[in-house]
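Novice: This is the structure I want to talk about, given as structure tokens.
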Amino acid sequence: MASRFHPDTLDTIRERVDIVDVVSDYVVLRKRGKDYQGLCPFHEEKTPSFTVSPNKQAYYCFGCGAGGNLFTFLMELGQQSFSEVVLELAQRYQITVKTLEPNEQEQLQRELSLREQLYEILAVAGNFYQHVLYQPEGETALDYLKTQRHLDDATIQKWGLGYAPTGWETLYRYLIDQKRYAVGLIEQAGLIQQRKSGKGHYDRFRDRAMIPIKDAQGRIIGFGSRSLGDDEPKYLNSPETPLFDKSKTLFALDQAREAIRKEDQAIVVEGYFDAIALHRAGISSVVASLGTALSKDQIRQLLRYTESKRIIFNFDADQAGTTATKRAIGEVEPFVYSGQVQLRILNLPGEKDADEFLNASSDGAQQYRQELEKAPFWLDWQIQQLVADKDFDQPDQVQQVTGQMVNLLNHIQETTLRTHYIRHCAEILSQGDSQLTPLYTETLRNALRKPQGGKKQPNRNQSQPKPVSYLSTAGNQLLAQAEALLLRVYIHCPGYREKIFEALEEKELLFSLSPHRWLWQQILSLEQSFDFSGDHQDRNQLWFRLQDEMMQFPDYEKQLRHIVHLEETRSTDLQRPGLVVQAAIATLQQTSCEKQKRYCLQQWQQLDPNTDQDTIRYYLEQFYQAQRELEALKEQRQFSIKEIIGSWGGEEINDS
């Protein structure tokens, strides 16, 4: 749907949505002064060059040139349209959407209301399961929660735990017959599924302990469940729905996020009941991964809440848990090898999970905290896994471990950290023989590649604007750059807007390139609709509204982003805006005069000297007048515009 959104909607999104919050879903950000920094999502790099400014509500990558606002970020990253991004943000932050076209408004409200109806149905289902738990038919489930999971009534109610009865259509009939919800909506909520015969539906969850899964705002988006009999699978989640994607959801995040902020660390466990047990024990910075391999999306969610980026994986210590830990490390490799995430691994004694460990003794919570303090750095844990059960008296096993160590060390980019672990691995291989340690150190060092600390050449994905050719002559290139500089000053230096406008009017100058003409028309149109008289360097409403307008015209946005979005290497030009304006206006005048000369010459050549003497004299006079103006302009242009454009480098635009 390509909607023209009402300015009020875009204003509300800007006011309520922080770009740092949005970008943190996709990039691990660390605070650097007043801004945030991370690895660019638009090209491969190992040294962070991607910056997000909360004050400007903008981002910029010094490696590949990607830049813009929160709308641009989501559009480029997800290859989405402006309308899709606005709708996504409105849904996520519960913002009412208005459009400029009444007929579009009705369709938009239908799309938004679907999600609201699904939230409502899931909340009603949650209440239903909770109610049934305390009925006679829920006795077995309640006994399981209290005796096997050691949960009291307060904990059960806090987490909204419940019971799905054994009947095939119990919830189905309740939602259809009593609550009057449409079958299609209940199915979209993931609560029922169609029979194989195609006739009718039945409850997805039957004879199961039910665990509501909530989003970060505390709204139920799905359910987890545990069978109470012999039914398989033992654990069953809701299917993917418009609200629920288990690869992007963390159980208990709504309960844990404040504790994660306060303690500046996040603990990740495997199961719902591990998370619930830890929260009950007063260890609240805990989330669970919904029984799936931890994904990058889930990790990024956690990292939004911890400044130190400290994460502790506490998966089971058995073979399955070890495999899950290794998979999870693989998901965050780019973050941990670059030092952006401080990852530790906790394996509890006796291969216990967190729930078992806490309930094994009266001071289980205190013992768990002590184990947390001892949790090894992820590299130490990885090395422990490499050498476990290896016989160092067997040459082939020594060779195997050495090769695996080299592979691990090769990924470490930070020189000091790499040096430390070369020494550590050499000590392990030498098995306490100090004379062998230097030899193994040298062996490992020679086998390693040199650290690749620098950035790769930018390799932007499809979201990068494709380079386009510009008018071939040097004069036209100079004109394009002068027009771009003039527009940049107008947008970003409010104090010079009146001067630029008056100069263009007085000298009857126009922008020559069609993208520049379009941008100027948008500026004038916005100024007729809104009052920007209060704009200054730190409060630039024209800039904000112009970004919104451009998002609805992606072709122009790609060609003009170098004008609208500032970056450090170009913003230095705006430290001398008066000089820029003077030189740019002179360049526009020069172009106008040269056009006038060509026009007069063409007209003069077409005239008959025998019959058009007066007209010939007129065009010759105009020709020489334009020539005199050009001579006068040369001095103004030469002392400034070449220097300015030379330091900037210019941009290429397609004049179509």
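Novice: Report the local net charge at PHE530: Lys and Arg +1, Asp and Glu -1, summed over other residues whose C-beta lies under 15 Å from its C-beta. Don't jump to the answer; show the numbers that get you there.
Specialist: Values: positive: ARG14, ARG497, ARG539, ARG545; negative: ASP8, ASP11, GLU527, ASP531, ASP535, ASP548, GLU549.
Computed value for this residue: -3.
Novice: Rounded to the nearest 0.05, what FRET efficiency is calculated for ASP363 and ASP153 with R0 set to 30 Å and r the Cβ-Cβ distance?
Specialist: Efficiency at R0 = 30 Å is approximately 0.80.
Novice: Excluding ligands, DNA and RNA, what is the solvent-accessible area per residue of region 113-203 at a probe of 1.4 Å, expressed in Å²?
Specialist: Accessible area per residue, region 113-203: 52 Å².
Novice: What's the local net charge at ASP152, with K and R +1, D and E -1, over the other residues with C-beta under 9 Å away?
Specialist: +1
Novice: Are any of the pairs LYS56/LYS246; LYS34/LYS262; LYS34/LYS558; LYS34/LYS374; LYS34/LYS158 more than 31 Å apart by Cα-Cα distance, and if so, which?
Specialist: Checking Cα-Cα distances, LYS56/LYS246; LYS34/LYS374; LYS34/LYS158 exceed 31 Å.
Novice: Compute the acute angle (0 to 90°) between the alpha-carbon long axis of helix 319-331 and the principal axis of greatest extent of the alpha-carbon atoms of the chain; round to the nearest 10°.
Specialist: Once rounded, the angle reads 10 degrees.
Novice: Sticking with this one: Under a Cβ-only charge scheme (Lys and Arg +1, Asp and Glu -1), can you give me the dipole magnitude of the chain about the Cα centre, in debye to the nearest 20?
Specialist: Using only the charged Cβ atoms, the result is roughly 540 debye.
Novice: How big is the dipole moment of region 158-220 about its Cα centre under a simple scheme where the beta carbon of each Lys and Arg is +1, that of each Asp and Glu is -1, and everything else is neutral? Debye, nearest 20, please.
Specialist: The calculated dipole for region 158-220 is roughly 20 debye.
Novice: Does region 257-351 come out rounded, prolate or oblate, given a ≥ b ≥ c as the square roots of the eigenvalues of its C-alpha gyration tensor, rounded meaning a/c under 1.5 and, failing that, prolate meaning a/b above b/c?
Specialist: On the way: a/c = 1.68, a/b = 1.05, b/c = 1.60.
It comes out oblate by the Cα gyration axes.
Novice: How much length, in nm to one decimal, is gained on full extension between ARG32 and ASP143, taken as 0.36 nm per residue of separation minus their Cα-Cα distance? Provide the component values of the computation, followed by the final result.
Specialist: On the way: separation 111, 0.36 × 111 = 39.96 nm, distance 5.17 nm.
Fully extending the segment from ARG32 to ASP143 adds 34.8 nm.
Novice: Give me the distance in nm between label points sitting 7 Å out from Cα along the Cα-to-Cβ direction at ARG628 and HIS131, one decimal.
Specialist: Modelled inter-label distance: 9.4 nm.
Novice: Where does each of 165-177, 72-84, 498-510 land if you order them by average Cβ count within 10 Å, highest first?
Specialist: Per-residue mean Cβ counts within 10 Å order the peptides as 72-84, 165-177, 498-510.
Novice: Where the accessible area of region 154-272 is counted over protein heavy atoms with a 1.4 Å probe, how much of it, in %, is carbon and sulfur?
Specialist: Carbon and sulfur: 43 percent of the exposed surface of region 154-272.
Novice: To the nearest 0.05, how large is the calculated FRET efficiency for ASP393 and GLN79 if R₀ is 51 Å and r is the Cβ-Cβ distance?
Specialist: Efficiency at R0 = 51 Å is approximately 0.35.
Novice: Let me ask another. Can you put HIS150, HIS562 in order of accessible area, largest first, using a 1.4 Å probe? It would help to have the intermediate numbers written out before the result.
Specialist: Details: HIS150 80, HIS562 15 Å².
Greatest to least solvent exposure: HIS150, HIS562.
Novice: How much of the accessible area of region 278-380, probe 1.4 Å, is carbon plus sulfur, in whole percent?
Specialist: Carbon with sulfur: 42 percent of the solvent-accessible area.
Novice: Still on this structure: Could you give the accessible area per residue of region 284-399, probe 1.4 Å, as a whole number in Å²?
Specialist: Numbers: 4880 Å² over 116 residues.
That works out to 42 Å² per residue.
Novice: Further, regarding this structure: Which sequence of ARG180, ARG92 reflects their accessible areas, 1.4 Å probe, from the largest down?
Specialist: Sorted by accessible area, descending: ARG180, ARG92.
Novice: With contacts defined as alpha carbon pairs under 8 Å and 6 or more residues apart, what's the relative contact order of the chain in percent?
Specialist: 10
Novice: Further question: Given charges of +1 on the Cβ of Lys and Arg and -1 on the Cβ of Asp and Glu, with all other atoms neutral, how large is the dipole of region 150-279 about its Cα centre, in debye to the nearest 20? Spell out each step's value before the answer.
Specialist: Numbers: 19 positive and 19 negative charges, 106 e Å.
For this selection, approximately 500 debye.
Novice: With contacts defined as alpha carbon pairs under 8 Å and 6 or more residues apart, what's the relative contact order of region 471-549 in percent?
Specialist: It comes to 31 percent, rounded to a whole number.
Novice: In addition: Among CYS40, LEU429, GLY222, which residue has its Cα positioned farthest towards the positive end of the charge dipole of the chain, with +1 placed on the Cβ of Lys and Arg, -1 on the Cβ of Asp and Glu, and the dipole taken about the Cα centre?
Specialist: Of the candidates, LEU429 comes out farthest on the positive side.
Novice: I would also like to ask the following. Between SER197 and GLU373, what is 0.36 nm times their sequence separation minus the Cα-Cα distance? Round to one decimal in nm.
Specialist: Taking SER197 through GLU373 to full extension adds about 57.8 nm, to one decimal.
Novice: Over region 228-318, what is the relative contact order in percent, taking alpha-carbon pairs closer than 8 angstrom and at least six residues apart?
Specialist: 35
Novice: Now a separate question. Against the longest alpha carbon principal axis of the chain, how many degrees, from 0 to 90 and to the nearest 10, is the axis of helix 415-430 turned?
Specialist: So the inclination is approximately 30 degrees.
Novice: State the cysteines of the chain left without a partner when partners are defined as other cysteines whose beta carbon lies under 4.7 Å away.
Specialist: That list is CYS64, CYS425, CYS493, CYS593, CYS600.
The values are calculated or read from the model by the stated rules, or taken from the named source; none is laboratory data. Since we're looking at a predicted model, the values are computed, not measured. Quick reminder, even Gly has a Cβ in these numbers, built from the backbone with ideal geometry, and neighbours come from all protein chains shown. Side chains included, ligands, DNA and RNA excluded: accessible areas come from the protein's heavy atoms. Shrake-Rupley method; radii C 1.70, N 1.55, O 1.52, S 1.80 Å.
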